[in-house]
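This report concerns only the one structure given below.
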Amino acid sequence: MLLLVGLGNPGAPYAGNRHNVGFMAVQAIAKRHGIGPWRRRYQGLACEGPIGGVRALLLLPGTFMNESGRAVAEATHFYKIPLGEVIVFHDEIDLPPGKLRVKAGGGIAGHNGLRSISEHIGNDYRRVRIGVGHPGNKDLVQAYVLNDFAKSERPWVEALIGSIADNVELLARGADATFQNKIHLAMAAGGFGNGAEDDSSTNKA
């Protein structure tokens, strides 16, 4: 079984935050692939269904970001899911807005959600890093990620989330580099970014 985890903070006040783009991605995947309904399970909201012929559990932790690992650990232990089949979607301030990278393992780059997951299940899970940009000053990071995407950002956010949902079957089949390239090409075709880029960072820290 595949476990797709979206990271974010629960509750309506946080729904549009940059920090919640992982929630947005997994919710879009569920909608695009007709997976549902969401039910309260594993200390969060979960639904189950096939993606590209692979049985998948989609999970939105119901704890706040810094306790995300509790929900992920409960789901992985219940189904005995190997770490290589756990894919975590999360915001990444060290990537420009609209860019995406996929890697397995590596550092947590100060992300409290990743820190919690790594503490609970280990570090060798897969990550889909969704670029939201950096405010330019580390002292502004918390306020930046806990604010909603600006109106001017919504077109690329919607395009990127839609492309993730369209191409997630590649992730389900383990074709991470192909998934990453498909996203870059789709974003370029929509006028967001420069298209496919060097894949040398895939699966690296």
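The values are calculated or read from the model by the stated rules, or taken from the named source; none is laboratory data. The model shown is predicted, which means the values in this text are computed figures rather than measured ones. In this analysis, Cβ positions are derived from the backbone assuming ideal geometry, glycine residues included, and neighbour counts consider all displayed protein chains.
Number of residues in the range 136-156 that are touching a residue at least 12 places away in the same chain (Cβ under 8 Å) and out of contact with any strand residue (DSSP E or B) (no Cβ under 9 Å at 6 or more places or on another chain) equals 5. Across the range 145-164, the qualifying residues are those that are crowded, with 19+ Cβ neighbours inside 10 Å and small (Gly, Ala, Ser), and the one among them that is farthest from Phe192 (Cα to Cα) is Ser163. Among the residues of the range 6-43, the ones that are over 20 Å from Arg129 (Cβ atoms), in contact (Cβ under 8 Å) with a residue 60 or more places away in the chain and either in a helix (DSSP H, G or I) or out of contact with any strand residue (DSSP E or B) (no Cβ under 9 Å at 6 or more places or on another chain) (or both) come to 2 in all.
So which residues in the range 136-161 are outside any helix (DSSP H, G or I) and either at pLDDT below 95 or of a type in the set (A, V, I, L, M, F, W, C) (or both), if there are any at all? Those that are outside any helix (DSSP H, G or I) and either at pLDDT below 95 or of a type in the set (A, V, I, L, M, F, W, C) (or both): Gly136, Asn137, Leu146, Phe149, Ala150.
Among the criteria (1) more than 26 Å from Gly62 (Cβ to Cβ); (2) of a type in the set (Ser, Thr, Tyr); (3) in contact with a helix residue (DSSP H, G or I) (Cβ under 9 Å, 6 or more places away or on another chain), the one Tyr144 does not fulfil is (1). Inside the range 120-144, can you point out the residues that are within 30 Å of Gly174 (Cβ to Cβ) and surrounded by 14 or more Cβ atoms within 10 Å (Cβ to Cβ)? Matches in the range 120-144: His120, Ile121, Asn123, Tyr125, Arg126, Arg127, Val128, Arg129, Ile130, Gly131, Val132, Gly133. Scan the range 97-117 and give yes if some residue there is modelled with pLDDT of 95 or more, part of a helix (DSSP H, G or I) and within 22 Å of Gly174 (Cβ to Cβ), otherwise no. Yes - at least one qualifying residue is present in the range 97-117.
When the criteria are applied in full, Ala75 meets the requirement of being crowded, with 22+ Cβ neighbours inside 10 Å and over 16 Å from the mean Cα position of the chain (by Cα). The set of residues in the range 102-119 that are surrounded by fewer than 22 Cβ atoms within 10 Å (Cβ to Cβ) and not aliphatic (A, V, I, L, M) comprises Lys103, Gly105, Gly106, Gly107, Gly110, Asn112, Arg115, Ser118, Glu119.
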